[in-house]
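Asker: Dumping the structure here so I can ask a few things about it.
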Amino acid sequence: MDEFCISRGTLLDAPEVVTLKNPELHSYHCIFDVDVCINSGYEVLNPPEDGGELYCRRFRLDNNEKLVALGRASGSKAKGCTTCEGTGTGHLGVKATIVATATPEVVSLQASPNKVPPTISVVEAYPPTTTCASLDMTPVAPSCPSPSGGSGGDALAITTLQAQTIAHGSLMMLGWGVLIPCGVIIAALMRQRDPLWFKIHRIVQSVGLVVTLIAFIIAVSVFNVFTAGSQSANLAHGCIGIVVMIIGVLQPLNALLRPHLPEAGEAKSTKRKVWEIYHKGGGYLAVLLAVINIILGTTLTPWRDNMLIGYFVGGGIIIIGLVVYTIYDKKTFQEKDSAEKSSSTELGTAKE
């Protein structure tokens, strides 16, 4: 198993599968095609024992070359392993007989699923049908830690990578999913509160953009969805995210260049009309793409159901509440303004 998918908590190519619970469902494509998985390093897992359900992280391999060569020779190109040689049949669950050197102290150590296990030096990797007896060697068969001992870990224990994933997703949901849409609603439905609407719009959008920039920095520094062999969903999420962030960053910049509104009685200039179409259209497009990307992004995490429910319930209540309030306020304001104008007209008639 690659350390990247172990740190994720779920398989990169199957986000619904808990890594240490069902490693047999991990594809050859993910392990031998995806650079981020290969470069993270490989580990040897031991089957769960004593009623446990999680595999334990027994050893870390000091190099991947021999295992990668073995896997690509035995994997099936027809079943998705693009770097495999095409003559093999393997496509799920990588198994091998590994010859390695290790000190007695390393052999005796008990690993924990949530900690990096001791490293062994790989000498050779053979198909799993090769037995230690045929190699005239003695097998190392350490037991997994007992689940009752506390080292068995939680199938969804929060690792550093998972915490970064949660931080990225939560901040994007807050920024692009709630704050920025609220700023758009205020600009569209609160014009009667001039210039208050503009001040609120500017503050909300600024805070939202800062929040999303932090989330974007986390994504760029931690994740790499553009490596060879990345899943199409991950690649799509990354591409849409970059487009959304480019539009988002350009919005306040083009706002600084906006042509002034015409004076009372004057018609809008062509420059002003073009700018409004660009600014408003860009904002609407960014929000639409952001919501789509939020939904897509949450499907790539093991917490997708809870995150989607949380977003649509929490964010939905806030956004719907704001829409209802602004519509009500606009209607009330118009009725009040109409009443004042009617009263003023009647007063003028009486004076005449």
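What follows is calculated from the coordinates using simple rules that are stated; it is not laboratory data. Worth saying up front: this structure is predicted, and the values here are computed from it rather than measured. Cβ atoms come from the backbone with ideal geometry, glycine included; neighbour counts cover every protein chain shown.
Asker: What's the FRET efficiency of residue 131 with residue 25 using the Cβ-Cβ distance as r and R₀ = 22 Å, to the nearest 0.05? Could you put the intermediate results ahead of the total?
Answerer: Values: r = 25 Å, r/R0 = 1.16.
Working from the Cβ atoms, E equals 0.30.
Asker: For region 163-231 and region 65-101, compute the distance between their C-alpha centroids and round to whole Å.
Answerer: 42
Asker: Based on the mean of other beta carbon atoms within 10 Å per residue, what is the order of 250-256, 203-209, most packed first?
Answerer: Output ranking for 250-256, 203-209: 203-209, 250-256.
Asker: Rank the residues 65, 16 as a footprinting-exposure proxy: fewest other Cβ atoms within 10 Å of their Cβ go first. Can you show the working numbers first?
Answerer: Values: 65 10, 16 13.
Fewest-to-most ranking of 65, 16: 65, 16.
Asker: Run the quick spin-label model on residue 254 and residue 325: label points 7 Å from Cα toward the beta carbon, then report their separation in nm to one decimal.
Answerer: Distance between label points: 2.9 nm.
Asker: For a quick check: sort 335, 124 by the number of other beta carbons within 10 angstrom, fewest at the front.
Answerer: The order, fewest Cβ neighbours first, is 335, 124.
Asker: Now for a separate question. Taking R0 as 25 Å, what FRET efficiency do you get between residue 123 and residue 79 from their Cβ-Cβ distance, rounded to the nearest 0.05? Mind dumping the intermediate values first?
Answerer: Values: r = 29 Å, r/R0 = 1.18.
The pair residue 123/residue 79 has a calculated efficiency of 0.25.
Asker: Continuing with the same structure: Once both labels are modelled 7 Å past Cα along the beta-carbon direction, what's the residue 217-residue 191 spacing in nm?
Answerer: A separation of 3.7 nm, rounded to one decimal place.
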